[in-house]
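Each reported figure results from applying straightforward, stated rules to the coordinates on display, with no laboratory input. All of these numbers come straight from a predicted model, not from anything done at the bench. Methodologically, a virtual Cβ is constructed for each residue, glycine included, from the backbone with ideal geometry; neighbour enumeration extends over all protein chains shown.
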Amino acid sequence: MNDEQFKLLEKVNYWQNPPKKLSYIRQSYLNLLIGYLGNNLVKVLVGQRRCGKSTILKQMISRLLEINTAKQNIFFLNFELHELQWIKTHEQLISAIEYYFQQLKPSGKVYIFLDEIQEIENWEVTVNSFLSNERYEIEFFLTGSNANLLSTELATYITGRYIELFIYPFSFSEYCGYFDIAVSRESLVTYIDSSGLPELFFLTERHQKISYVSALKDSVMMNDIVKRFQIKNPKLLLLLLDFLMDNTGKLFSFNAIAKKIKSEKISVNVVTLTNYIHYIELTFLIHSARRFDLRGKKILEGERKYYLNDLSFSNFLQNTFDNNVTRRLENFVYIALLQAGYQVYVGNIYQLEIDFIAEKNQQIIYLQVAYLLHSDDVILREYGNLEKIKDNWPKWVVSLDDFSFPFKNGIRHVQAWELEKALVALI
């Protein structure tokens, strides 16, 4: 570490100039961080690349400054910045932090923010080293874009000393808040036709959005999967991702996916395919929903459904997804449930499908999703499947109908744009 490198640290920190005022505060996430402030646990924000983790860190820094934390007591490093490419190993990171202490001589507790920490080799050694050293009083805030990297290494080195927060792209309510528009059917349709990725909000032309999402997809594939897991067949990996993006909400087993890939004259074995899909899930681009047998009260192995973390990957990259509003709506409901903290399964009862079983804190909701309840057959299917469930947990049918249907046999109709509000009301 030398003075020239320290000047680069000064450039990316806020010792001279405060952070720029941010136009929209993601208050729910910020409140969670503020609630954990002062307990000395490592705060770890995990989520897909470009979902807004860095901005939340900066909002936390602004909050610390608002409560009169000294500027020199805040140290921020974003390892994706060009200025910090010389920090690649835990030794270099330790050197940078120690040099910071030597130069600024902060008094009292120091708040260290390490953004996209997975870019640093053996980063966990650095965090553990400072946590174990009584000479330092440090509160760490980390972000990362790979679930396996963080969960494995945190569990190994910092057991019991961290809090993990999952960060998603903008929810529908956040989207409406950002653009200062009413929560309505029209705004929801616009939302599911576009994206919750904040950087896309600044792009107006479709070709710009396509270029952005394509570059993001390539970055995740290369940096978070191919390089990290030493993938031998990147072409197969990309083909699998495209397949999953193009078939959201459909039941597939690994064997069925392998059979479909082989039909395209591409060689693949189920073990490799299973590993590749697992690696894709670790980047948070997709989520899998396993099946749950309501009669046997057990998880069913085999088939599962896949959903996108953000609809931009289908809306701007997949041609066959464009006109299927029902699939986009189902994807929206699934992610809204995850954002609300639910564990989500696909239900099975008497060979009938329940779109979602959502569980949180030993509380359950059953949900069916339909674009429109426009015929007796559709109403019979959506309500009839739920009527097979003989317990007293809430049962909802979610749709985009303008008209709100009355309760039917204890089953509630929820207009999709009111879903988040309905979930909050259950708390």
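In nm, what is the difference between 0.36 nm times the number of residues separating Ser107 and Gln351 and their Cα-Cα distance?
Here the segment from Ser107 to Gln351 would lengthen by 81.4 nm.
What dipole magnitude, in Debye to the nearest 20, does region 348-416 give about its Cα centre under +1 on Lys/Arg Cβ and -1 on Asp/Glu Cβ?
Numbers: 7 positive and 10 negative charges, 57 e Å.
For this selection, approximately 280 debye.
Please list, in chain and number order, the residues 5+ apart from Val110 or on another chain whose amide H is under 5 Å from its amide H, with Hs placed from the backbone.
Glu137, Ile138, Glu139
Name the long-range amide H neighbours of Thr89: under 5 Å, sequence gap of 5 or more, or other chain; modelled H, no Pro or chain starts.
Glu121
In region 173-266, what GluC sites (Glu not before Pro) fall in a loop by DSSP, with at most 16 other Cβ atoms inside 10 Å?
Glu205, Glu264
Are there trypsin sites (Lys or Arg not before Pro) in region 168-252 that DSSP marks as loop and that have at most 11 other Cβ atoms within 10 Å, and which are they?
Lys232
Kindly identify region 269-374 as rounded, prolate or oblate by the Cα gyration tensor criterion: order the square roots of the eigenvalues as a ≥ b ≥ c, call it rounded if a/c is under 1.5, otherwise compare a/b with b/c, prolate if a/b is larger, else oblate.
Oblate is the answer for region 269-374, as a/c is 1.5 or above yet b/c matches or exceeds a/b.
In whole Hz, with x marking every Gly and Pro, tabulate ³J(HN,Hα) for region 270-283 from phi via Karplus 6.51 cos²θ - 1.76 cosθ + 1.60, θ = phi - 60°.
5, 5, 4, 4, 4, 5, 5, 5, 4, 5, 4, 4, 5, 8
Could you list Val398, Val346 so that the one with the fewest beta carbons within 10 Å of its beta carbon is first and the one with the most is last?
Fewest-to-most Cβ neighbours within 10 Å comes out as Val346, Val398.
For a quick check: sort Asp3, Asp224 by the number of other beta carbons within 10 angstrom, fewest at the front.
Asp3, Asp224
Can you tell which of Phe75, Tyr371, Ile138 lies farthest toward the positive end of the dipole of the chain, using +1 and -1 charges on the Cβ of basic and acidic side chains (Lys, Arg; Asp, Glu)?
Farthest along the dipole direction, towards plus: Tyr371.
If R0 is 51 Å, what FRET efficiency do you get for Arg290 and Lys11 from their C-beta distance, rounded to 0.05?
0.60
Let me check I've understood the local charge: for Phe140, count other residues with C-beta under 12 angstrom from its C-beta, Lys and Arg +1, Asp and Glu -1. What total comes out? Please list the in-between numbers first.
Working: positive: Lys43, Lys109, Arg161; negative: Asp115, Glu124, Glu137, Glu139.
Net of charged neighbours comes to -1.
Residues with amide H under 5 Å of Val42's amide H, sequence separation 5 or more or different chain, H placed in the peptide plane at 1.01 Å from N; which?
It is Tyr162, Ile163, by chain and number.
From the square roots a ≥ b ≥ c of the eigenvalues of the alpha-carbon gyration tensor of region 3-166, which class results: rounded (a/c under 1.5), prolate (a/b over b/c), or oblate?
It is rounded, given that a/c, with a ≥ b ≥ c, falls under 1.5.
In whole Hz, what ³J(HN,Hα) sequence does region 173-189 give by Karplus (6.51, -1.76, 1.60; θ = phi - 60°), x for Gly and Pro?
Rounded to whole hertz, the list is 5, 5, 4, 5, x, 4, 8, 6, 10, 6, 6, 8, 4, 5, 5, 5, 4.
Rounded if a/c is under 1.5, else prolate if a/b is larger than b/c, else oblate: which is region 172-425, with a ≥ b ≥ c the root eigenvalues of its Cα gyration tensor?
On the way: a/c = 2.00, a/b = 1.27, b/c = 1.58.
Oblate is the answer for region 172-425, as a/c is 1.5 or above yet b/c matches or exceeds a/b.
Express in nm, to one decimal, how much length is gained between Thr190 and Asn39 on full extension, taking 0.36 nm for each residue of separation and deducting their alpha carbon distance.
Details: separation 151, 0.36 × 151 = 54.36 nm, distance 4.09 nm.
In short, 50.3 nm is gained.
Treating only the Cβ of Lys, Arg, Asp and Glu as charged (+1, +1, -1, -1), what charge dipole size does the chain show about its Cα centre? Round to the nearest 20 debye. Numbers along the way, then the final one.
Working: 47 positive and 48 negative charges, 128 e Å.
Computed charge dipole of the chain: roughly 620 debye.
At 7 Å along Cα-to-Cβ for each site, give me the label-to-label distance between Ser404 and Thr159 in nm.
5.1 nm
Could you list Lys305, Lys262 in order of exposure, starting from the residue whose Cβ has the fewest other Cβ atoms within 10 Å? Please list the in-between numbers first.
Working: Lys305 24, Lys262 13.
Ranked by crowding around the Cβ, least crowded first: Lys262, Lys305.
By how many nm would the segment from Glu199 to Lys390 lengthen if fully extended, with 0.36 nm per residue of separation less the alpha-carbon distance?
Result for the pair: 64.2 nm of gain on full extension.
Residue-wise, which Karplus ³J(HN,Hα) couplings in Hz belong to region 361-378, taking 6.51 cos²θ - 1.76 cosθ + 1.60, θ = phi - 60°, and x for glycine or proline?
With the stated coefficients, region 361-378 comes to 6, 6, 10, 10, 10, 10, 9, 10, 10, 9, 4, 9, 8, 9, 8, 4, 5, 5 Hz.
Which distance in nm do the two modelled labels at Thr274 and Asn255 give, with both placed 7 Å along the Cα-to-Cβ direction?
With each label placed 7 Å out from Cα toward Cβ, I get 1.2 nm.
Which value in deg cm²/dmol, rounded to the nearest 500, describes the helix-derived mean residue ellipticity at 222 nm for the chain, given -39,500 (n - 2.57) per DSSP H run of n ≥ 4 and division by the residue count?
Values: 16 runs with 173 residues, N = 427.
Here the helix-only value at 222 nm equals -12000 deg cm²/dmol.
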